[in-house]
């Protein structure tokens with residue numbers, strides 16, 4: 001990526017899993033902590049909701065909380081495998097009310113970047129190919145790809161994406177699930193930062209948790225990325 005006088009600050013969240021175990025009070029803590037980072041952008045890489053939580057949560061209250069996310073240059077999100085599918089009109093309406101730009105196999109050009117958001121591969125195995133999506137890009141600005149599942153990192157590398165951000169794995173969340181998760185996704189897709197050719201990638205352990213409200217040997221996190 002090109003050198004800048006001042007880094008562009010990005011807050012990267014994934015896997016909040018609002019619903020069963022992450023309630024409104026915990027969601028507020030996540031948002032408050034994100035806002036304290038005073039970032040230019042907020043990127044949410046899927047699984048805002050937990051399993052069927054979209055059907056029983058108070059969506060108005062959750063949207064009101066998410067509206068509090070502060071980012072000078074915008075808040076952008078994609079869907080994960082636990083969110084409603086991208087064809088569900090309720091999901092799109094929810095993000096509109098939350099004042100969050102939802103990207104589904106789509107691109108948006110901002111002041112600093114081209115942000116690409118992919119549909120979740122588990123929810124939509126027939127999603128658009130990344131090569132088809134990037135053909136529409138006419139700018140030489142750095143490209144950031146949001147893809148919930150780390151299997152999308154390989155596509156990012158093949159298409160010369162500058163930065164790929166993913167979630168989904170939770171870093172295994174607890175022992176011994178972490179061992180199986182690492183075996184399934186490999187070192188690059190399991191957790192953390194990697195670089196292959198020109199493509200940087202970051203896999204987050206997630207801001208919330210799934211199945212059980214515990215973490216053993218892992219931490220919930222909000223990732224700050226300083227892009228220079």
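The values are calculated or read from the model by the stated rules, or taken from the named source; none is laboratory data. All figures in this text were calculated on a predicted structure; none of them were measured in a lab. Positions of Cβ are generated from backbone atoms using ideal geometry, with glycine treated the same way; all protein chains shown enter the neighbour counts.
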Breaking point among (1) at pLDDT below 90; (2) over 22 Å from residue 40 (Cα atoms), for residue 120: (1)
For residue 155, are the conditions met, namely being at pLDDT 95 or above and either in a helix (DSSP H, G or I) or on the phi > 0 side of the Ramachandran plot (or both)? yes
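On the basis of being surrounded by 18 or more Cβ atoms within 10 Å (Cβ to Cβ) and free of Cβ contacts under 8 Å to residues at least 40 places away in the same chain, does residue 85 make the cut? Give the steps one after another, and end with the answer.
Details: surrounded by 18 or more Cβ atoms within 10 Å (Cβ to Cβ): no; free of Cβ contacts under 8 Å to residues at least 40 places away in the same chain: yes.
Considered against the rule, which asks whether it is surrounded by 18 or more Cβ atoms within 10 Å (Cβ to Cβ) and free of Cβ contacts under 8 Å to residues at least 40 places away in the same chain, residue 85 comes out as no.
Across the range 105-123, what is the number of residues that are closer than 20 Å to residue 151 by Cα, out of contact with any helix residue (DSSP H, G or I) (no Cβ under 8 Å at 6 or more places or on another chain) and buried (at least 19 other Cβ atoms within 10 Å of the Cβ)?
Restricting attention to the range 105-123, the residues satisfying the condition of being closer than 20 Å to residue 151 by Cα are 105-107, 115-123.
Next, only the ones that are out of contact with any helix residue (DSSP H, G or I) (no Cβ under 8 Å at 6 or more places or on another chain) stay: 115, 117, 119-120, 122-123.
So of that shortlist, the ones also buried (at least 19 other Cβ atoms within 10 Å of the Cβ) come out as 115, 117, 119-120, 123.
Result for the range 105-123: 5.
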Every residue from the range 1-51 that is touching a strand residue (DSSP E or B) at 6+ places or on another chain (Cβ under 8 Å), without any contact (Cβ under 8 Å) to a residue 60 or more places away in the chain, surrounded by fewer than 24 Cβ atoms within 10 Å (Cβ to Cβ) and in a loop (DSSP other than H, G, I, E, B): 19, 38
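Here's a check for you: in the range 16-29, which residue that is touching a helix residue (DSSP H, G or I) at 6+ places or on another chain (Cβ under 9 Å) and over 11 Å from residue 209 (Cα atoms) is modelled with the lowest pLDDT? Steps first, please.
Going residue by residue through the range 16-29, those that are touching a helix residue (DSSP H, G or I) at 6+ places or on another chain (Cβ under 9 Å) are 16-20, 22, 24, 27-28.
Remaining after also requiring over 11 Å from residue 209 (Cα atoms): 24, 27-28.
Working: 24: 90, 27: 95, 28: 95.
Among residues in the range 16-29 that are touching a helix residue (DSSP H, G or I) at 6+ places or on another chain (Cβ under 9 Å) and over 11 Å from residue 209 (Cα atoms), the one modelled with the lowest pLDDT is 24.
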Output the residue which, of all residues in the range 69-96 that are within 12 Å of residue 11 (Cα to Cα) and in a loop (DSSP other than H, G, I, E, B), is farthest from the chain's Cα centre (by Cα). 72
